[in-house]
Amino acid sequence: MSDSHDSTMTAGNNGNNAGDNSDTAGTAGVDDTVEADSRGDRVRTDLGILAGVSDRGLVHARNEDAMALGNRGNRAAAVVCDGVSTVRDPQLAARAAADAASRVLLADPPRHATSASARALAQAGNRLVRAAVTEAAEAVARLGESDEPDPPACTLACALVGDSVLTIGWVGDSRAYWLAEPGSEEPSRLLSTDHSWATAMIESGRMDAATAWADRRAHAITRWLGRGGEPEPEVLTWRPDGSGVLLVCSDGLWNYLSEPDELADVVLPALAEGASPLEVAGELTDLALDAGGRDNITVVVCPVPLGS
């Protein structure tokens, strides 16, 4: 946490109970699965073409992350939120934000969208992601009274995946990665840029990366959803040159596996050998647990093109 038919599925915390989950059917009903263990410590969401795992970790008493996954027609969406641990009920913020953003991302597309040009689709994706983050920020703002100290807050990273265009948006330090297939012209890379103290120090030239990340303030976030935060997202829209995997995660994963190439070395061979997106998300979660599991861990894996 931070200092194939139409369907929408959510996982993580719901209300005050860690690990509770709910699912909402789209127009064709649901036979996909959301599963939690008996204590709700690990929640798995499987939509086939994309999947995610959210785990409490080994240290924290509850899971303050949340995720929402869905697909509608030729689109898929993923949202990962991480509750800010220094405020009251951060799990409520993460759950509210994930649900609100996913509803916007999977709303009915404009009638012309399926025949639009790649540029028009990119513009539409950009607008939709920004609207999703706005709706998420408003959902979090409704959780706290105006005079209440330390109301709920969270980070957010979301992705909208279409036939030819991918759009991601983020606020805070939850991340999105592109993991490129071997031989692709476009390399594996981190797509998002953390809104954190360490990143600000590095980008300003005031510290080198090693010094900034070693500082106790490194993970302090500079943008978040909630009172006093700056909910304006950064948004990136692009068309991949080849196939690969979009990975969206909370810092519970990237604290241990942060480099795109090391993530690709786990994800791509596993998928090539026949593992499902859900199995790969579980493998990454287990690696974070084996490395210490000091935070909640949420991982979403989405092969691109969809269904590949």
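The values are calculated or read from the model by the stated rules, or taken from the named source; none is laboratory data. None of these values were measured; they are calculated from a predicted model. Cβ atoms come from the backbone with ideal geometry, glycine included; neighbour counts cover every protein chain shown. With ligands, DNA and RNA removed, areas are computed over all heavy atoms of the protein, side chains included. Shrake-Rupley method; radii C 1.70, N 1.55, O 1.52, S 1.80 Å.
Values as computed for the structure displayed
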| quantity | calculated |
| --- | --- |
| Test set (1) out of contact with any Lys or Arg (no Cβ under 7 Å at 6 or more places or on another chain); (2) acidic (Asp, Glu); (3) surrounded by 13 or more Cβ atoms within 10 Å (Cβ to Cβ) - Asp241 fails condition number | (3) |
| All positions within region 279-308 that are at positive phi and either hydrophobic (A, V, I, L, M, F, W, C) or in contact with a strand residue (DSSP E or B) (Cβ under 9 Å, 6 or more places away or on another chain) (or both) | Gly293 |
| Positions within region 233-285 being closer than 30 Å to Ala124 by Cα, in a loop (DSSP other than H, G, I, E, B) and touching a helix residue (DSSP H, G or I) at 6+ places or on another chain (Cβ under 8 Å), in sequence order | Pro233, Arg239 |
| Which numbered condition Thr298 fails, given (1) in contact with a Leu (Cβ under 9 Å, 6 or more places away or on another chain); (2) open to solvent by 10 Å² or more (accessible area, probe 1.4 Å); (3) among the hydroxyl-bearing types (Ser, Thr, Tyr) | (2) |
| For Thr155: the one exception among (1) more than 26 Å from Ser196 (Cα to Cα); (2) at pLDDT 90 or above; (3) touching a His at 6+ places or on another chain (Cβ under 9 Å) | (1) |
| Breaking point among (1) within 22 Å of Leu69 (Cβ to Cβ); (2) open to solvent by 10 Å² or more (accessible area, probe 1.4 Å); (3) of a type outside the set (A, V, I, L, M, F, W, C), for Gly252 | (2) |
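For every residue, the table says whether it meets (1) outside any loop (DSSP other than H, G, I, E, B); (2) surrounded by 14 or more Cβ atoms within 10 Å (Cβ to Cβ); (3) in contact with a Cys (Cβ under 6 Å, 6 or more places away or on another chain).
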site	(1), (2), (3)
Cys158	yes, yes, no
Trp170	yes, yes, no
Glu185	no, no, no
Asp194	no, yes, no
Met207	no, yes, no
Ala210	yes, no, no
